[in-house]
Every structure is written in C-alpha cells, then in structure tokens.
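Encoded as structure tokens, the structure appears first; notes follow it.
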Amino acid sequence: MTVPNKQVIKRQIHEPFGYRVGVYDLDCTPSTNQWLIEKAYILDKFSRENAGVFKKIPGGETGVRTKYNDNNESFIGAHTWIMNRCHNFPGFPQELLGKIMTCTYDYAKYIGVRFPTPSNCALYIDRGWSTITKPGDVIKGHNHAVHTFSSVYYPKLLPKQGNLWIDRGHNDTTDRIIYNANKGPADRIQMEIKAGQFIIFPSAILHGTNKNKSEEDRISYSFDFNPIGYDYHLPPPNLVDKAWEEFNSTLKDIGLTEVLSE
C-alpha cells in the first residue's frame, strides 16, 4: 500500500455498535480553514445563480439541492457531479488533502483493512463536497454504501451546531443500509466533535447530524474513499484521461474555474 508522507497523527478510536470510527485532530492553518469556508459560500452562491447550467451536465439534472435537508437554503454538494469533486478544484488546499490521506492510511492500517493486493493497492478520494447547514436544519440519516470509507472535516464548528450521530440501523430500511455484526434494535450514539477534526468511518454506517441550534451556518467538508490497484479497480489510462479532460472543460465552460480563481 502506497503511503503518503508521514505527519503527526493525533488519533482517537471510538467503537459504536462494533464499528471503529477514527477521530483525528488535523491542526490545519487558519488560512486553509478560511479558504474552505469562503469557497463553500462561493459554491453555494454559484449553484443558486446558475441553476440552469447544472441541468445540462450529465448527472446534474436534479440541481444541487437535496432531500437530506429540510431547509432549501442549506447546501449539500454531494449529489451533483462537479460539485462533489471539489477536492479537485483549482486552489483546493493541499495541506488538508495531505493530512486527510495520511490519516486515512493510518485508519485503514489500524482497523486491519485487507485489500486484494496490499502492496499494489492505493486509496484515493473519490468524492469531496462542501456542506452548509442553516440554523434550525439537520442532515438527515443516510450512508454512502457504495464506497469504502466516508469522512467529514470541520474547518469551523461552534457550540450547539449539532453533533454527528451514528445509528445501528433499521431492519425495515431500503436505502442501501448495510448492517454491522451487532444486529439489534435501532439506537443512536452521539459523536461530540469540534473544529479542526477529521472523522472517518466505514461507508456503510448510517449517520446524520443533530439540529443546528446556533444562529450561524454549520460548515463541513465530506470525502469518500475507494481503493485502486493492479488486480482491483484499474481503469485504462485513455478512459481516465478523457474523463479528466471533460471534467476540466466543464469547470471552464460553466464559469466555475473563473469564479474559484477570484
């Protein structure tokens, strides 16, 4: 397994319902956190002012609002191609990407993840997006079961903005919930979180947030991880090159490249 440059790791491991959840203090610079906060609002504003553009993008027909918020003023970039690849946007802080990849490899090693060919297998960020949860709103329960690990980073977090919760799961759900070994009646635990923390967990976990009871927006960034390797997921170079060409062309064509550089 290819491991990024070593950095100081400040790790805690929690085990709700038999899962292992990693909590890392990243200590990113104030400028990195400020960039993330400012760009979250820029992406939200862009999505509102250019709603028609997304309907022309493959996979973006539904726009950027989501069923996982009650308040339509809240913003989750997860469900629209382009908006859920923000870690590949121009200027995205390499400091943050380096730290979270270091923590992800550390977490995978700590919980004993086994890939088909460990020496030739690498982890990568498949999706990344910003979220703005308005006062009084929540992020409803969901999971990301098609991925390996899911995570969240908080560039800013105020008291009463809502903890991350993790649920055991429900036997009658049809939303791709995968149960852990400790099956039983549904119940929920609270993850008390703070600014600057990176939380990572198996993507099958059912999770959401408590109500934002503050008077300010709750801002977070989420990332999904998958493996790639010689005899695992290894798309042909020409297919990948074409996809990246289309990605960068779309950013430019819809005007997002210019907006992000301002």
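The table for this structure:
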read-out	value
Among (1) surrounded by fewer than 17 Cβ atoms within 10 Å (Cβ to Cβ); (2) modelled with pLDDT under 95, the one test that Val113 misses	(1)
Extreme residue, least open to solvent (accessible area, probe 1.4 Å), among residues of region 54-77 that are modelled with pLDDT of 75 or more and charged (D, E, K, R)	Glu73
Residue count for region 20-52, restricted to those that are exposed (fewer than 15 other Cβ atoms within 10 Å of the Cβ), in contact with a strand residue (DSSP E or B) (Cβ under 9 Å, 6 or more places away or on another chain) and under 28 Å from Phe201 (Cβ atoms)	2
Selection from region 14-53 of residues that are hydrophobic (A, V, I, L, M, F, W, C) and either assigned to a helix (DSSP H, G or I) or at pLDDT below 90 (or both)	Phe17, Trp35, Leu36, Ile37, Ala40, Ile42, Leu43, Phe46, Ala51, Val53
Only listed residue being at pLDDT 90 or above, under 19 Å from Ala195 (Cβ atoms), of a type in the set (Lys, Arg) and touching a Leu at 6+ places or on another chain (Cβ under 6 Å), chosen from Lys99, Lys160	Lys99
Inter-residue pairs, beta-carbon under 9 Å, first within 10 Å of Phe201 (Cα to Cα) and in region 100-111, second polar (S, T, N, Q) and open to solvent by less than 20 Å² (accessible area, probe 1.4 Å), 6+ apart	Thr104/Ser151; Tyr107/Ser151
Long-range neighbours under 6 Å by Cβ, at least six apart or interchain, first residue within 10 Å of Thr32 (Cβ to Cβ) within region 87-99, second among the hydrophobic types (A, V, I, L, M, F, W, C)	Pro93/Trp35; Glu95/Cys28; Leu96/Cys28; Lys99/Leu26
Residue match in region 228-250 (condition: modelled with pLDDT of 90 or more, surrounded by 13 or more Cβ atoms within 10 Å (Cβ to Cβ) and part of a loop (DSSP other than H, G, I, E, B))	no
Residue match in region 104-111 (condition: charged (D, E, K, R) and farther than 26 Å from Leu43 by Cα)	yes
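Results for (1) assigned to a loop (DSSP other than H, G, I, E, B); (2) in contact with a Lys or Arg (Cβ under 9 Å, 6 or more places away or on another chain); (3) open to solvent by 40 Å² or more (accessible area, probe 1.4 Å), shown as yes or no for each residue.
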| residue | (1), (2), (3) |
| --- | --- |
| Pro90 | yes, no, yes |
| Leu97 | no, no, no |
| Tyr105 | no, no, no |
| Thr131 | no, yes, no |
| Pro135 | yes, yes, yes |
| Val138 | yes, yes, no |
| Ser151 | no, no, no |
| Lys160 | yes, yes, yes |
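The values are calculated or read from the model by the stated rules, or taken from the named source; none is laboratory data. Everything numeric here is computed off the predicted structure, so don't read it as measured data. Quick reminder, even Gly has a Cβ in these numbers, built from the backbone with ideal geometry, and neighbours come from all protein chains shown. Heads up: the accessible areas ignore ligands, DNA and RNA and are worked out on the full protein's heavy atoms, side chains in. Shrake-Rupley method; radii C 1.70, N 1.55, O 1.52, S 1.80 Å.
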